[in-house]
Amino acid sequence: MQISENFRWWRQRFSDGGGELIEYYVEACENVPAWLESNFNDLRGFRDELAAHIRDSSVGPFPSETQWSTDEYLRGLWFDVFGAEPPPGDPYPVPRERWGRHRMTTYLRDIPYRHPERVGPETLEWMAARGITFEDLAAYREPGADVEYSRPEPAGFRQRLDELTAAGKRSGPAEGERADEARADLLDAQRSYRDTGHTEQADAVDKILADREPRDE
């Protein structure tokens, strides 16, 4: 599936600019119910296209990522923008109970969970619609918590990509052009963590590396 100009426009709108535009990202996510009702700038079309891209892995891998980790990022975007119900047709939906307590998103990351009194009504409404509690966010940050940055690439995923490519539903490689460099950087970080006694961080990097590896059937 080709990426439309409408999709590109909304992807830019739902971007935190590497953390520098988080306020605009949060505001955009909170405006979604009203925008959907009026179909502002064809937001419904973006919703349908995002679901299709997740289903068919048709947004190519980001430069430093694999196709799987790119798809996982888009699942987080879907959660932030459209809610906890998985996108229609998603072959690998994230279980609803994983969000917040075990799995973080751009929107969730910025909620001041230690100070609920600082949380505005729009955020409370957003959280309630997704079943997220302050206890979930606190549990995510507990030492040794069961957290995931993404899930392990499923067995047979690369074969699925080949089939989708052959069917004309996607194009491109299974990994971005700088994915190997990213692996090397992660290995360097892991060694540094171990050398300085930061074993928990080193183990977290180990999990990230393992999750990026392809798995046979």
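The values are calculated or read from the model by the stated rules, or taken from the named source; none is laboratory data. None of these values were measured; they are calculated from a predicted model. We place every Cβ from the backbone using ideal geometry, glycine too, and count neighbours over all the protein chains shown.
Filtered by the rule that a residue be among the charged types (D, E, K, R) and either over 18 Å from the mean Cα position of the chain (by Cα) or surrounded by 13 or more Cβ atoms within 10 Å (Cβ to Cβ) (or both), segment 1-19 gives Glu5, Arg11, Arg13, Asp16.
Taking the criterion of being surrounded by 14 or more Cβ atoms within 10 Å (Cβ to Cβ) and touching a helix residue (DSSP H, G or I) at 6+ places or on another chain (Cβ under 8 Å), the residues of segment 199-208 that qualify are Gln201, Ala202, Val205, Asp206, Ile208. Scanning segment 186-217 for residues being of a type outside the set (A, V, I, L, M) and either more than 20 Å from Glu65 (Cα to Cα) or free of Cβ contacts under 8 Å to residues at least 40 places away in the same chain (or both) gives a total of 16. Cβ-Cβ contacts under 6 Å between residues 6 or more apart (or on different chains), taken from a first residue in segment 82-95 that is more than 15 Å from Arg160 (Cβ to Cβ) to a second residue that is crowded, with 19+ Cβ neighbours inside 10 Å and of a type in the set (S, T, N, Q), are absent. Hey, can you tell me all the residues within segment 67-90 that are in contact with a helix residue (DSSP H, G or I) (Cβ under 7 Å, 6 or more places away or on another chain) and in a loop (DSSP other than H, G, I, E, B)? Result: Gly83, Ala84, Pro87, Pro88, Gly89, Asp90.
Just one of the listed residues (Gly89, Gly76, Gly100) is more than 13 Å from the chain's Cα centre (by Cα), among the small types (Gly, Ala, Ser) and either closer than 21 Å to Trp126 by Cα or modelled with pLDDT of 95 or more (or both), and it is Gly89.
Of the residues Arg170, Arg183, Arg151, Arg160, which is in contact (Cβ under 8 Å) with a residue 60 or more places away in the chain, closer than 16 Å to Thr70 by Cα and not in a loop (DSSP other than H, G, I, E, B)? Answer to the selection: Arg160. When segment 130-148 is filtered for residues that are surrounded by fewer than 16 Cβ atoms within 10 Å (Cβ to Cβ) and either touching a Gly at 6+ places or on another chain (Cβ under 6 Å) or in a helix (DSSP H, G or I) (or both), the ones remaining, listed by number, are Glu135, Ala138. Restricting the first member to segment 19-35 and to residues that are within 10 Å of Tyr107 (Cα to Cα) and free of Cβ contacts under 8 Å to residues at least 12 places away in the same chain, and the second to residues that are among the hydroxyl-bearing types (Ser, Thr, Tyr) and exposed (fewer than 14 other Cβ atoms within 10 Å of the Cβ), no beta-carbon pair is closer than 7 Å while six or more apart or on different chains. Against the list (1) buried (at least 18 other Cβ atoms within 10 Å of the Cβ); (2) more than 13 Å from the chain's Cα centre (by Cα), the condition Pro63 fails is (1). The set of residues in segment 187-217 being modelled with pLDDT of 85 or more and within 23 Å of the chain's Cα centre (by Cα) consists of Leu187, Ala189, Gln190. Looking at (1) assigned to a helix (DSSP H, G or I); (2) in contact with a Pro (Cβ under 8 Å, 6 or more places away or on another chain); (3) surrounded by fewer than 16 Cβ atoms within 10 Å (Cβ to Cβ), which one does Pro93 not meet, given that it meets all the others? With (1) assigned to a helix (DSSP H, G or I); (2) in contact with a Pro (Cβ under 8 Å, 6 or more places away or on another chain); (3) surrounded by fewer than 16 Cβ atoms within 10 Å (Cβ to Cβ) applied to Pro93, the lone miss is (1). No other residue among Thr123, Thr165 is polar (S, T, N, Q), over 30 Å from Ile3 (Cα atoms), at pLDDT 90 or above and assigned to a helix (DSSP H, G or I) apart from Thr123.
Of all the numbered requirements in (1) surrounded by fewer than 16 Cβ atoms within 10 Å (Cβ to Cβ); (2) under 22 Å from Tyr25 (Cβ atoms), Tyr107 misses one, and that requirement is (1).
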